[in-house]
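Asker: My questions will all concern the structure given below.
The values are calculated or read from the model by the stated rules, or taken from the named source; none is laboratory data. Keep in mind it's a predicted model, so treat the numbers as computed, not measured. All Cβ positions, glycine included, derive from the backbone under ideal geometry; neighbour counts span all protein chains shown. Note: areas computed on protein heavy atoms with side chains; ligands, DNA, RNA excluded. Shrake-Rupley method; radii C 1.70, N 1.55, O 1.52, S 1.80 Å.
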Amino acid sequence: MNNFQYYTPTRIVFGKDSENEVGTLSASSGCKKALVHYGGASAAKYGLLDRVYRSLDESGVSYISLGGVVPNPRLSKVHEGIALCKKEHVDFILAVGGGSVIDSAKAIGYGVVNGGEVWDFYECQRIPIACLPIGCVLTIAAAGSEMSDSSVITNDILGGVKRSYANAICRPKFAVMNPERTFTLPAYQSACGYVDIVMHTLERWFDPKRTDSELTDGIAVALMKTMMRNALILKENPRDYNAAAEVMWAGSLSHNGLTGCGGSGGDWSTHQIEHELSGMFDVAHGAGLAAVWATWARYVYKSLPSRFAKLGVDVFGIAGEDEEKLAILAINRMEAFFKSIGMPTSISELGLDLTEEQVKELAFRCSFFGKRKLGSFYPLDISDLEAIYRGVW
Ligand code: NZQ
Ligand code: ZN
C-alpha cells in the first residue's frame, strides 16, 4: 500500500427533514451573512428554498440569494457571484443544489477571498490561499462535490473551456443530505448521477500503482455493487427511500477520497475526455462519461488486464482463468449496466455526430493544447485521444 493522506472535514447531516438543520449549522460555522446560491427552477418549485430560508431566519442568519446556475456552471455566473458577495460583505456560501451549484459556490469562494481573476486557479497559473466557507444542501446524488476538494467550471467567455481545480481548502464545512429531495429528479438526470458515482470509483480503481490495497479495493467493490443494485431498484421505483439513501451516501463516499486510499491518484482519463465534450457541447456530465468509458476501456485494457479482470470477478462475479477474456467480459458488463439505466454508450448515442475537425479540436484541448499526456493507466497522447473521440480501439 502506498503512503496517503485522507482528509474529510465535512460534517454530514443525513436523512429526512435534515434541511431544517441548515440554519443552526450555518450559524455554528461562524456565518454572519450568507449567499444562498442555487440553480434553475427546481429548488424553488419543490419548496426547498422556502425551508432553507425559514431555517436561516429561525437561527438569526442573514442572507442574500443568487440563483441561475446552469449544469456545467459558467464562469460569468461566478464573476456575478464574486461581485455580489464583495458588495454585500458575505462571509459564507450556502449551495442549494447539485454539483453545478456547489462548484459555482466554491469558485465564488475562491474569487472573493483571493482577488484577481478566479479563472487563473482553473488554469493552474496561481494557487489560492483560502476559500470562503461553504455549506451544502444536496439535491442530487451524482458529482460528490459536497465532500470533494474539486470544482469544475466552464469558461463561457473563452467559448466553452471546461476545467477542474482541486484544493482541500474548498471542501464544504457541512452537507445536508435528505434522500427524499432526489425523488423529483427526471429519470435521465438520476441515471447520469448513477454513472458519475460508479465512475468516481472506477477512475481510482484503474491505478497502475494500486496493487496491495485489499481494504480499499473491498470498499470500492462494495460501493459499486451497492450503487448498481440500488440504481436498478430506483429505475423501477424512484421513490424507494432506502435505495435513494444508499445511492446518495455512495455519491459522497465515491468522491471524498476513500476509494483511492493507498493508490497513486487514479487515472481520470474518462473524466477529462468527457469534460471537453461537455465544455464544447454542453452535454450532461454522467451521460458523457457513459458514452466514452467503454471505448477508453477497450483501448487501454491490454496494458494491465488483471485490473479489469479483478473488476469482473469481484464486482460482476464472472469466473474464469484467462485474464484478457475476463477483462473483456468486465467491460461488456459495465457497458450493459450503463445501457440498462438508459445511458448512451457511444458518442453518437449521446447525440453527437463529430466532424473530423471537431475530433481534432477535442483531442487538442484535452491534451492541454499539446502540453500533456492524459492518465496514468495508459498515458494517452493526442492520436490516442483522437481515436477515442472517433470511437475506435
Ligand atoms: O437547475 P435546477 O432547476 O436545479 O435543475 C438541476 C439541473 O438541471 C436538476 N436538479 C438537481 N436537483 C434536482 C433537480 N431537478 C429536480 N429535482 C431535484 N432535486 O438536475 C440538473 C443537473 O444538476 P447538476 O448540479 O448539474 O448535476 P450534477 O450534480 O451531476 O453536477 C454536474 C456538474 O458537476 C461537475 C460536472 O462536471 C458538472 O459540471 N463535477 C464536479 C465534481 C466535483 N466538484 O467534485 C466531480 C465530478 O466528476 C464532476 O466533474
Ligand atoms: Zn464525475
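Asker: Can you sort M280, M334 by solvent-accessible area, 1.4 Å probe, largest first? It would help to have the intermediate numbers written out before the result.
Answerer: Working: M280 55, M334 0 Å².
Final ranking, largest accessible area leading: M280, M334.
Asker: Something else now. Over 29 Å between C-alpha atoms is what I'm after, so list which of K16/K173; K310/K360; K86/K162 land there. The partial results should precede the final answer.
Answerer: Working: K16/K173 20 Å; K310/K360 34 Å; K86/K162 25 Å.
Beyond 29 Å: K310/K360.
Asker: Which whole-number percent is the relative contact order of the chain (Cα, under 8 Å, 6+ apart)? It would help to have the intermediate numbers written out before the result.
Answerer: Values: 776 pairs, mean separation 60.4, N = 393.
Rounded, it is 15 percent for the chain.
Asker: Now for a different question. From the cross-link list K77/K225; K225/K371; K32/K235; K32/K77, which pairs have alpha carbons spaced over 30 Å apart?
Answerer: Values: K77/K225 37 Å; K225/K371 37 Å; K32/K235 42 Å; K32/K77 23 Å.
In this structure, K77/K225; K225/K371; K32/K235 exceed 30 Å between Cα atoms.
Asker: So what is the calculated 222 nm ellipticity per residue for the chain, using -39500 (n - 2.57) for each DSSP H run with n of 4 or more, over all residues, to the nearest 500 deg cm²/dmol? Provide the component values of the computation, followed by the final result.
Answerer: Values: 15 runs with 191 residues, N = 393.
Estimated from H runs of four or more residues: -15500 deg cm²/dmol.
Asker: Can you give the angle from 0 to 90° between the axis of helix 356-366 and the longest principal axis of the chain, with both taken from C-alpha atoms, to the nearest 10?
Answerer: Approximately 60 degrees, to the nearest 10.
Asker: Could you tell me which of rounded, prolate or oblate describes the chain, using a ≥ b ≥ c as the square roots of the eigenvalues of the alpha-carbon gyration tensor, with rounded for a/c under 1.5 and, failing that, prolate when a/b is larger than b/c and oblate otherwise? Each step should come with its number before you reach the end.
Answerer: Values: a/c = 1.75, a/b = 1.41, b/c = 1.24.
Since a/c reaches 1.5 and a/b is larger than b/c, the shape of the chain is classed as prolate.
Asker: Label region 158-307 by shape, choosing from rounded, prolate and oblate, from the square roots a ≥ b ≥ c of the eigenvalues of the Cα gyration tensor; if a/c is under 1.5 it is rounded, and otherwise prolate applies when a/b is larger than b/c, oblate when it is not. Don't skip to the answer; put the middle values down first.
Answerer: On the way: a/c = 1.42, a/b = 1.17, b/c = 1.21.
Cα axes put region 158-307 in the rounded bin.
Asker: Here is a follow-up. What does the C-alpha gyration tensor say about the overall shape of region 186-390? Classify as rounded when a/c is under 1.5, otherwise prolate if a/b is larger than b/c, or oblate. Let's see the in-between values first.
Answerer: Details: a/c = 1.63, a/b = 1.18, b/c = 1.39.
Judged from the Cα gyration tensor, region 186-390 comes out oblate (a/c at least 1.5, b/c at or above a/b).
Asker: Relative to the compact-globule scaling 2.2 N^0.38 Å, provide the ratio for the alpha-carbon radius of gyration of region 206-288. List each step's numbers first, then the result.
Answerer: Numbers: Rg = 15.0 Å, N = 83, 2.2 N^0.38 = 11.8 Å.
With N residues counted in region 206-288, Rg over 2.2 N^0.38 Å equals 1.27.
Asker: Compute the helix-to-body angle for 75-88: its Cα long axis versus the longest principal axis of the chain, expressed 0 to 90° and rounded to tens.
Answerer: On a 0 to 90 degree scale, this one is about 20.
Asker: Two decimals, Cα atoms only, Kirkwood Rh: what is Rg/Rh over region 11-181? Provide the component values of the computation, followed by the final result.
Answerer: Working: Rg = 14.6 Å, Rh = 15.5 Å.
Over the Cα atoms of region 11-181, Rg/Rh equals 0.94.
Asker: Same structure again: Once the whole set of protein chains is in place, how much accessible area is left on D267, using a 1.4 Å probe, in Å² to the nearest 10?
Answerer: That residue has around 10 Å² of solvent-accessible surface.
Asker: Express as a percent, rounded to the nearest 5, the fraction of DSSP beta bridges in region 11-181 (both residues included) that run antiparallel.
Answerer: Values: 6 of 30 bridges.
Here the share of antiparallel DSSP bridges comes out near 20 percent.
Asker: Exposed loop GluC sites (Glu not before Pro) only (DSSP loop, at most 15 other Cβ atoms within 10 Å): please give the longest stretch of the chain free of them, not including the sites.
Answerer: Values: sites that count: E117, E123, E321, E349.
Answer - 124-320.
Asker: I've got another one for you. Using R₀ = 35 Å, calculate the FRET efficiency as 1/(1 + (r/R₀)^6) where r is the Cβ-Cβ separation of H89 and R372; round to 0.05. Intermediate values should be presented prior to the final figure.
Answerer: On the way: r = 40 Å, r/R0 = 1.15.
After rounding to 0.05, the efficiency reads 0.30.
Asker: Now for a separate question. Leaving ligands and nucleic acids out of the surface, order L304, L362 by accessible area at 1.4 Å, largest first.
Answerer: L304, L362
Asker: May I pose another question? Which FRET efficiency value, to the nearest 0.05, is calculated for L304 and T24 with the Förster distance at 56 angstrom and r the Cβ-Cβ distance?
Answerer: On the way: r = 49 Å, r/R0 = 0.87.
Given R0 = 56 Å and the Cβ-Cβ separation, E is 0.70.
Asker: Determine the order of F308, F281 by accessible area, beginning with the largest, at a probe radius of 1.4 Å. Provide the component values of the computation, followed by the final result.
Answerer: Numbers: F308 0, F281 60 Å².
I get F281, F308, largest accessible area first.
Asker: Need the full-extension length gain, Q5 to E361, defined as separation in residues times 0.36 nm minus the C-alpha distance. One decimal, nm. Walk me through the numbers on the way to the answer.
Answerer: Working: separation 356, 0.36 × 356 = 128.16 nm, distance 3.66 nm.
That pair, Q5 and E361, stretches by 124.5 nm at full extension.
Asker: For the chain, what proportion of DSSP beta bridges, expressed in % and rounded to the nearest 5, is antiparallel? Working shown, then result.
Answerer: Values: 7 of 31 bridges.
Around 25 percent of the beta bridges assigned by DSSP in the chain are antiparallel ones.
Asker: Evaluate E = 1/(1 + (r/R0)^6) for K235 and L215, where r is the Cβ-Cβ distance and R0 equals 22 Å; express this FRET efficiency to the nearest 0.05. Please list the in-between numbers first.
Answerer: Working: r = 31 Å, r/R0 = 1.40.
With R0 = 22 Å, the Cβ-Cβ based efficiency is 0.10.
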